[in-house]
1. Taking the Cα atoms only, what angle lies between the long axis of helix B:306-318 and the longest principal axis of chain B, rounded to 10 degrees?
2. Counting each DSSP H run of 4 or more residues in chain B as -39500 (n - 2.57), what helix-only mean residue ellipticity at 222 nm follows after dividing by all residues, to the nearest 500 deg cm²/dmol?
3. Go through the stretch B:66-76 residue by residue and turn each phi into a ³J(HN,Hα) via Karplus (6.51, -1.76, 1.60, θ = phi - 60°); whole Hz please, and just put x for glycine and proline.
4. On full extension of the chain, what length is gained from B:Ile185 through B:Asn34, given 0.36 nm per residue of separation minus the C-alpha to C-alpha distance?
5. Can you compute 3J(HN,Hα) from phi for each residue in the stretch B:47-63, using the Karplus curve 6.51 cos²θ - 1.76 cosθ + 1.60 with θ = phi - 60°, rounded to whole Hz and x for Gly and Pro?
6. Residue separation times 0.36 nm, minus the C-alpha to C-alpha distance between A:Ala505 and A:Ser426: what's the value?
7. Only sites in a loop by DSSP and with at most 10 other Cβ atoms within 10 Å count here; which trypsin sites (Lys or Arg not before Pro) in the stretch A:1-40 make the cut?
8. For the stretch B:10-76, which trypsin sites (Lys or Arg not before Pro) are in a loop by DSSP, counting at most 14 other Cβ atoms within 10 Å?
Amino acid sequence: MKRKPLVVLGLLGPMLDNGRGAERWERWRPTVALCQHEELLVDRFELLYQPRFTTLAKIVSTDIPRISPETDVRLHEVAIDDAWDFAAVYGALHDFARSYRFIPEREDYLVHITTGSHVSQICLFLLTESRYLPARLVQTAPPSRERGMTGSFSIIDLDLSKYDALASRFQQQKVEGKSFLKGGIQTRSKAFNAMIDQIEQVATSSRSPLLLMGPTGAGKSQLARRIYELKKSRRQVEGKLVEVNCATLRGDGAMSALFGHVRGAFTGANTDRSGLLRAADGGVLFLDEIGELGLDEQAMLLRAIEERRFLPHGSDREVKSEFQLIAGTNAKLQSRVREGRFREDLLARINLWSFTLPALCDRREDIEPNIDYELERYALETGDRVVLNKEAREAFLRFARSPGALWTGNFRDLTAAITRMATLASGGRISVGIVSSEIARLESSWKQDADLDAGVSTVDQLHELLDESAIAGIDPFDRVQLAEVVRVCRKSRTLSEAGRLLFSASRLERRSVNDADRLKKYLARFGLRFESIVRQQS
Amino acid sequence: MITIDGSMGEGGGQILRSALALSMLTQQPFRIDNIRAGRTTPGLMRQHLTAVYAARTICHADTEGESIGSTTLVFKPKKVTPGKYAFAIGSAGSTTLVLQAILPALLTADGDTEVTLEGGTHNPFAPPIDFLRRAYIPQIARMGSTISIDLDRAGFFPSGGGRFVVRVTPAKRLSPFQLLERGPIHAKRAVAVISALPRDIGEREIKRVIKRLTFEASELEVLSLPADQGPGNLLMLQYDCQHCSEVFVGFGMKGVNAEAVADSAIDHARHWLAGSGAVGPFLADQLLLPMALAGGGSFTTTQVTEHTRTNAKVIAMFLPLNIRIDEQAQASRIDIDMQ
């Protein structure tokens, strides 16, 4: 019947454990007293101390074997300058927890939480609760009237269900995590918030790749950065965030940019290059526009994800890199798979957790909080606080939420709009005049986009809806118009919304309007219905 | 196998230490159940484990249940091996109690033994080293073995840090002895020992001694020890008689005033002085075992305690002896002889 050795991890208490002269033996010193109990044999004490208290640590570490020769005391200096700085204390204790070699199957661990600042006590609790410290907690108390200076102790096992209520308080931390992912923006879109909830859950509990889909400017990069920050704050990654847009990795350089090369691998390879995957070791690799990656690179990447190893260009030795992959795409990868431009196995690997970020025009209720966020960001970056006065705010919101605001560049457009208005604001106030000219600027840029879109996509779009002979029966003059109508329908949620957009100029002059009916009749001329156009799309 | 009910008498560590000593001596394994049954923290505590560990080391015993909280211990001794040993004992244990568990077996081992003990030498829950040196060891020496104790440093509770070396030259055979009278007192001393505490405490204790007992100025002393060890205080009353010596001790403790410390030693001394038995209750307790090893003997004591009775029962389980206790007010007589 061999019992497991008992190991206590504890912080040296600069106040409670203090005592230099002979009178220290007349004081209750929790760290020393814990080793003095008749019914608790501490085989090893891992005593953590701040560099400032080295002398005290030495005293305590020689006093313990005196009263408990069975206890082996090991000192660990932890770099905590300010014991009340939450991040620093948590970081230092977490580093210790990560580097300490726990062998729970062979040793029992107790974490002593009576000594140290309240901050360090909370941090030790959190680290134990989250099982970074596979231990039970031990609390000590001074003697009341009994003889000697031993006092009492109690052991708390957080795994017991009676502490569930306590654990549920830490759900709050999760709520903070969600707000974190949204960059602190109080988003109102239910669908978006539900998606963020899910991402938070996946990001903090899994290391599997994440796929972020959505149009350009929908905030994929920002979200990837925040996921990284969240994981870092939860100590789930230690390394860096490496971001790269795969569209910039074309041709020969792509392979060595990603996977590195050895000296002499090809002409011009004068030195070793470690590559982006290795730079992301222990961290997060965000590959935006992953659909643009070449097929060779895709194959190599798949192996790097699955095996966590890969071969740098020109090397015959594999290297290791453990990174969490976040992939971004604005294209439908499935269609690229069908076209043979994207590997099906890679898609299957990265598609486990895929999230579609809605376009800004699908999250119009989130425009207002994002305006506030952008103003805040502007203030942080420039040091100038700028406000939208009430009228200006209303005018801009009325426009921004209207179906006429296309937001084709999504958040990129919104950020640019706010930056422009804030820059032009004199005296830190954005006026109605500034808003009006910004609205005009946005409309004109979207019109150019739309013209460009219409030009390229006319034939494609009509081919999806009508057969060859039907198209041949339409005058080229009318084809362009129909294509534009189809494009607008597809951007709209309802027939009425599309109608309002298509007849937006004339509707202001008419007394009674039924744009939906007008559009319906127009479509019927080509044997089309709004529902079928929209359905064809997905 | 000898099976002992650990809950008999006052229970606790005394039964265990006697059983360990007897088991090593008689080479009989034993099993003790219900260790500290009914206590808030039942089973073996660290102070017991230190004794088990020391005994096991000296006779290479096999054990079962040698862990904190275990309410059953099985101890299977092998040959007692003389030689050099060192044991460090924490403040929870006591060096003198550990010594009591291992010393009897060394008295008849087939070679000299030197044991270094580190830890507390003056622990309020155990006989102090001065008691062992002055009262206990001389009586054991009378049975034939040579024992010396060299105290390097005193160690007070709880800081410990004391150290002493015990050297034992065994006798081939222990001879029975009689201690029926203490004889006239030819020397006495009262010493207040002070370490890292105000000297005034010792002076007040001595004043109390003067008030309640008869001592000459030359027999009184306040002894200050170097303050580098923990704080400590005790009052010791030593009486050297023709046939034996007695030591009575009061321990200073936080929250207990100097007069009360002195009184606890003085009360014991006065009780002994008032009686006619040779030894006081603590020494009586300790003498039982070596006398049993010698195969017989008699002594008188001023008081028979529950501890002594329990001890007698444990001894009778290991050795074919009759232990008769004749309790009287002034002097109770204890006779041990072979069945």
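The values are calculated or read from the model by the stated rules, or taken from the named source; none is laboratory data. Quick caveat, the model's predicted, so the values are computed rather than measured. Note that we place each Cβ from the backbone using ideal geometry, even for glycine, and neighbour counts take in every protein chain shown. What goes into the accessible areas is simple: the full protein's heavy atoms, side chains included, and nothing from ligands, DNA or RNA. Shrake-Rupley method; radii C 1.70, N 1.55, O 1.52, S 1.80 Å.
1. Helix B:306-318 sits roughly 30 degrees off the main axis of chain B.
2. Numbers: 8 runs with 102 residues, N = 339.
-9500 deg cm²/dmol, from helical runs alone.
3. 7, 8, 4, x, 5, 9, 10, 10, 10, 10, 10
4. Details: separation 151, 0.36 × 151 = 54.36 nm, distance 4.39 nm.
Result for the pair: 50.0 nm of gain on full extension.
5. Taking θ as phi minus 60°, the curve returns 4, 6, 5, 5, 5, 4, 4, 5, 5, 4, 5, 6, 10, 6, 6, 9, 10 Hz for the stretch B:47-63.
6. Working: separation 79, 0.36 × 79 = 28.44 nm, distance 3.27 nm.
The A:Ala505-A:Ser426 span can extend by a further 25.2 nm.
7. Filter output for the stretch A:1-40: A:Lys2, A:Arg20.
8. On the way: sites: B:Arg17, B:Arg31, B:Arg36, B:Arg39, B:Arg46, B:Arg56; in loops: B:Arg36, B:Arg39.
For trypsin sites (Lys or Arg not before Pro) across the stretch B:10-76 that sit outside H, G, I, E and B with at most 14 neighbouring Cβ atoms in 10 Å, the list reads B:Arg39.
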